[in-house]
1. Say we look at segment 36-56 and pick out the residues that are exposed (fewer than 14 other Cβ atoms within 10 Å of the Cβ), in contact (Cβ under 8 Å) with a residue 24 or more places away in the chain and touching a strand residue (DSSP E or B) at 6+ places or on another chain (Cβ under 9 Å); which of these is nearest to residue 251 (Cα to Cα)?
2. Within segment 36-74, which residues are over 21 Å from residue 15 (Cβ atoms), modelled with pLDDT under 90 and not in a loop (DSSP other than H, G, I, E, B)?
3. Here's a check for you: in segment 104-130, which residue that is farther than 17 Å from residue 210 by Cα and within 15 Å of the chain's Cα centre (by Cα) is surrounded by the most Cβ atoms within 10 Å (Cβ to Cβ)?
4. Does residue 105 qualify as being modelled with pLDDT of 95 or more, touching a strand residue (DSSP E or B) at 6+ places or on another chain (Cβ under 7 Å) and assigned to a loop (DSSP other than H, G, I, E, B)?
5. When only residues in segment 20-30 that are modelled with pLDDT of 90 or more and in contact with a helix residue (DSSP H, G or I) (Cβ under 6 Å, 6 or more places away or on another chain) count, which is surrounded by the fewest Cβ atoms within 10 Å (Cβ to Cβ)?
6. Do we have any residue at all in segment 74-93 that's on the phi > 0 side of the Ramachandran plot and touching a residue at least 40 places away in the same chain (Cβ under 8 Å)?
7. Pick out the one residue from 259, 163, 253, 200 that is under 22 Å from residue 146 (Cα atoms), in a helix (DSSP H, G or I) and in contact (Cβ under 8 Å) with a residue 12 or more places away in the chain.
8. Suppose the filter is within 29 Å of residue 151 (Cβ to Cβ), touching a helix residue (DSSP H, G or I) at 6+ places or on another chain (Cβ under 7 Å), outside the structural domain of residue 93 (by TED's automatic domain parsing) and in contact (Cβ under 8 Å) with a residue 40 or more places away in the chain; does residue 210 pass it?
């Protein structure tokens, strides 16, 4: 490598597409973050992406992105598409690489709660040793929080402030959970306790899944990691140290950049 190398990582998520641009300096292994972008998934495909054969062709110029030396993508669930002119990697690999890059940790359990799915990954010595994914139900995802916030008529930011005195919500289904929440509103519970109950419900669904994933540290990523109440309740419920990377929602895209660095180093 004679000069600066620019790498683009793209995480084709269920609700949003996350893009990270990172730069690799010659003679160094360190990546420097240049830019982050997030677009609605439907808008991205409608305006900038077209599938041609088995590849996804993206109009980067129309998006205002520069030419890059390496392009790596990952995708939601089974929808991983190889971008024309780039490489595609599994989403679990992308998220592990992103978490290591952002935190510097090599032994942890990754809890990723995204827009429509959830992932738990055990990482030991920088390698994935076990995992559990759920893309069948949106009950412990950002979609669930968005729906509940709409019912409560509060912003996601406001929802994430409340963890105390949670109202008991027992439904394990996102759809039936909405009806249950409406019933609690009719009963006259205050918004603060209703919001706390919504956040506590997320943790109630995650805790049983974590029992088979030992360790002292949880790295919390995905859009739900921006919810401070969920992070607090996760720490209290597990008794483990919670680490939230600087850019939890862009973790997969950053992991793609790390994979791109490894490709350039070959």
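1. Filtering segment 36-56 for residues exposed (fewer than 14 other Cβ atoms within 10 Å of the Cβ) gives 40, 42-43, 46-47, 50-54.
From what's left, in contact (Cβ under 8 Å) with a residue 24 or more places away in the chain: 40, 51-52, 54.
Restricting the remaining residues to those that are touching a strand residue (DSSP E or B) at 6+ places or on another chain (Cβ under 9 Å) gives 40, 51, 54.
Details: 40: 17, 51: 25, 54: 25 Å.
Looking at the filtered set, the residue picked out is 40.
2. Selection gives 52, 55.
3. So in segment 104-130, the residues farther than 17 Å from residue 210 by Cα come out as 104-106, 115-116, 125-127.
Keeping just the survivors that are within 15 Å of the chain's Cα centre (by Cα) gives 115-116.
Details: 115: 21, 116: 19.
So, considering only residues that are farther than 17 Å from residue 210 by Cα and within 15 Å of the chain's Cα centre (by Cα), the one surrounded by the most Cβ atoms within 10 Å (Cβ to Cβ) is 115.
4. Values: modelled with pLDDT of 95 or more: yes; touching a strand residue (DSSP E or B) at 6+ places or on another chain (Cβ under 7 Å): yes; assigned to a loop (DSSP other than H, G, I, E, B): yes.
Against the criterion (modelled with pLDDT of 95 or more, touching a strand residue (DSSP E or B) at 6+ places or on another chain (Cβ under 7 Å) and assigned to a loop (DSSP other than H, G, I, E, B)), residue 105 qualifies.
5. Let us first name the residues in segment 20-30 that are modelled with pLDDT of 90 or more, namely 20-23.
Remaining after also requiring in contact with a helix residue (DSSP H, G or I) (Cβ under 6 Å, 6 or more places away or on another chain): 20, 22.
Details: 20: 28, 22: 26.
Selected residue: 22.
6. Here is the first cut: in segment 74-93, the ones on the phi > 0 side of the Ramachandran plot are 77, 85.
In the following step, the residues that additionally are touching a residue at least 40 places away in the same chain (Cβ under 8 Å) were identified as 77.
Yes: segment 74-93 contains one or more residues that are on the phi > 0 side of the Ramachandran plot and touching a residue at least 40 places away in the same chain (Cβ under 8 Å).
7. Details: 259 fails: under 22 Å from residue 146 (Cα atoms); 163 fails: in a helix (DSSP H, G or I); 253 fails: under 22 Å from residue 146 (Cα atoms).
On inspection, the qualifying residue turns out to be 200.
8. Numbers: within 29 Å of residue 151 (Cβ to Cβ): yes; touching a helix residue (DSSP H, G or I) at 6+ places or on another chain (Cβ under 7 Å): yes; outside the structural domain of residue 93 (by TED's automatic domain parsing): yes; in contact (Cβ under 8 Å) with a residue 40 or more places away in the chain: yes.
Yes, satisfied.
The values are calculated or read from the model by the stated rules, or taken from the named source; none is laboratory data. A quick note: this is a predicted structure, and the numbers were derived from the prediction, not measured. Cβ atoms come from the backbone with ideal geometry, glycine included; neighbour counts cover every protein chain shown.
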